Structures are given as C-alpha cells and as structure tokens.
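Visitor: I am attaching a structure below and will ask some questions about it afterwards.
The values are calculated or read from the model by the stated rules, or taken from the named source; none is laboratory data. Because the structure is predicted, anything quoted here is derived from the model rather than measured. Don't worry about glycine lacking a Cβ; one is built from the backbone with ideal geometry, like all the others, and counts go over all protein chains shown. Surface areas here come from the heavy atoms of the whole protein model, side chains and all, with no ligands, DNA or RNA. Shrake-Rupley method; radii C 1.70, N 1.55, O 1.52, S 1.80 Å.
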Amino acid sequence: MADQHILDALYATVAARKGADPDTSYTAKLFAKGTAKIAQKVGEEGVETVIAALAETPDKVASESADLLYHLTVLWADQGVKPEDVWQILAERQGISGITEKASRKGD
Ligand SMILES: N=c1c2ncn([C@@H]3O[C@H](COP(=O)(O)OP(=O)(O)OP(=O)(O)O)[C@@H](O)[C@H]3O)c2ncn1[C@@H]1O[C@H](COP(=O)(O)O)[C@@H](O)[C@H]1O
C-alpha cells in the first residue's frame, strides 16, 4: 500500500461504490445519475479550478484540483478506464516534448 499512488487508492474506493446505496454514498449517487451528470461535474470542477487560479488563492486551486481529480476518477470508473491506462499513456509521452509532438501532428 505504501507505494500505491493515492489516485489508485481513490479509484479503487470509487469503483467499489458502483451499485452502493446513493443515500449513503455521494459516488453511488453520481453513478446512479449517469454519464452525463458525471461528465458535467468534471467540467464544473475544471471551471472552478480555472476560476480559483484567476481570482482566488493557491490553496483554493489545490482544493478545487482535488475535487477535479476525484470527479475524474468517477468518470474513469464510469467509462471503464483504469488509472494504469492513463499512467501508461503518460509514461509513453515521457521525454517527448509537447512542441515536438504538436509539430508531428501538423498536416493531420
Ligand atoms: N474525494 C472525494 C471527494 N471530493 C469531493 N467530493 C464531493 O464532491 C461534491 C462536490 O461538491 P459540489 O458542491 O459540486 O456538490 P453538489 O452541490 O452536491 O453537486 P451536485 O451533484 O448537486 O451538482 C461534494 O459533495 C464533496 O463532498 C468527494 N466525495 C468523495 N470523495 C472520496 O470518495 C470516497 C467515497 O465517498 P462516498 O461515495 O461519498 O462514500 C470518500 O471516502 C473520499 O475518499
């Protein structure tokens, strides 16, 4: 457990809430509302993070970022995306400059 990333642990908790009682679990309530609501929450938390950056404090950016990451893990579980799928993509990108990658897409 010590070397498990907190997002992996959060994902495991979130995924285990599928089918749980919406009266006692906020995550179960989101799953019951469905993909559109879950995706909407990710968008809202993203916007709240942007607002915190533009008009509030670094502490608020951190707490909105935590809300965003939590809702993103709910979206992953809803979509059947596992954290390791995302980690794999990030690992494959390591060492590849975003500028180089963008240039390789020119003409797509
Ligand atoms: N990390 C979180 C987490 N971060 C934010 N939130 C909830 O996300 C909600 C976001 O706030 P909002 O004001 O947008 O919520 P709201 O107004 O009720 O949203 P609407 O659905 O009405 O749009 C709040 O209710 C927060 O409590 C979280 N809820 C749960 N977790 C984790 O998920 C675990 C399981 O939680 P339950 O499913 O509730 O047992 C917890 O132990 C935590 O580890």
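Visitor: Considering only region 49-78, state which residues are among the aromatic types (Phe, Trp, Tyr) and outside any helix (DSSP H, G or I).
Guide: Across region 49-78, there are no qualifying residues.
Visitor: In the list Tyr70, Tyr11, which residue meets the criterion of being open to solvent by 40 Å² or more (accessible area, probe 1.4 Å) and within 12 Å of the ligand (Cβ to nearest atom)? It would help to see each step written out before you state the result.
Guide: Numbers: Tyr11 fails: open to solvent by 40 Å² or more (accessible area, probe 1.4 Å).
None of the other options fit; the residue is Tyr70.
Visitor: With the checklist (1) surrounded by 15 or more Cβ atoms within 10 Å (Cβ to Cβ); (2) under 30 Å from Gly19 (Cβ atoms); (3) not charged (D, E, K, R) in hand, flag the one item Ala52 doesn't pass.
Guide: Of the numbered conditions (1) surrounded by 15 or more Cβ atoms within 10 Å (Cβ to Cβ); (2) under 30 Å from Gly19 (Cβ atoms); (3) not charged (D, E, K, R), the odd one out for Ala52 is (2).
Visitor: Is there a residue being closer than 21 Å to Leu7 by Cβ, of a type outside the set (A, V, I, L, M, F, W, C), open to solvent by 60 Å² or more (accessible area, probe 1.4 Å) and without any contact (Cβ under 8 Å) to a residue 24 or more places away in the chain anywhere in region 96-106?
Guide: The answer is no; no qualifying residue exists.
Visitor: Name, by its number, the condition in (1) at negative phi; (2) away from the ligand (no atom under 11 Å from the Cβ); (3) open to solvent by 50 Å² or more (accessible area, probe 1.4 Å) that does not hold for Gly19.
Guide: Failing condition for Gly19: (1).
Visitor: Which of (1) surrounded by 10 or more Cβ atoms within 10 Å (Cβ to Cβ); (2) assigned to a helix (DSSP H, G or I); (3) free of Cβ contacts under 8 Å to residues at least 40 places away in the same chain is the odd one out, the single condition Val81 does not satisfy?
Guide: Tallying (1) surrounded by 10 or more Cβ atoms within 10 Å (Cβ to Cβ); (2) assigned to a helix (DSSP H, G or I); (3) free of Cβ contacts under 8 Å to residues at least 40 places away in the same chain, Val81 fails exactly one: (2).
Visitor: Filtering region 22-49 down to residues that are among the β-branched types (Val, Ile, Thr) and open to solvent by 40 Å² or more (accessible area, probe 1.4 Å), which residue is nearest to the ligand (Cβ to nearest atom)?
Guide: Thr24
Visitor: Can you name the number of the only condition in (1) away from the ligand (no atom under 15 Å from the Cβ); (2) touching a residue at least 60 places away in the same chain (Cβ under 8 Å) that Gln88 fails?
Guide: With (1) away from the ligand (no atom under 15 Å from the Cβ); (2) touching a residue at least 60 places away in the same chain (Cβ under 8 Å) applied to Gln88, the lone miss is (2).
Visitor: List the number of the failed condition for Thr49; all other conditions in (1) modelled with pLDDT under 95; (2) farther than 23 Å from Glu84 by Cα hold.
Guide: Checking Thr49 against (1) modelled with pLDDT under 95; (2) farther than 23 Å from Glu84 by Cα, the one that fails is (1).
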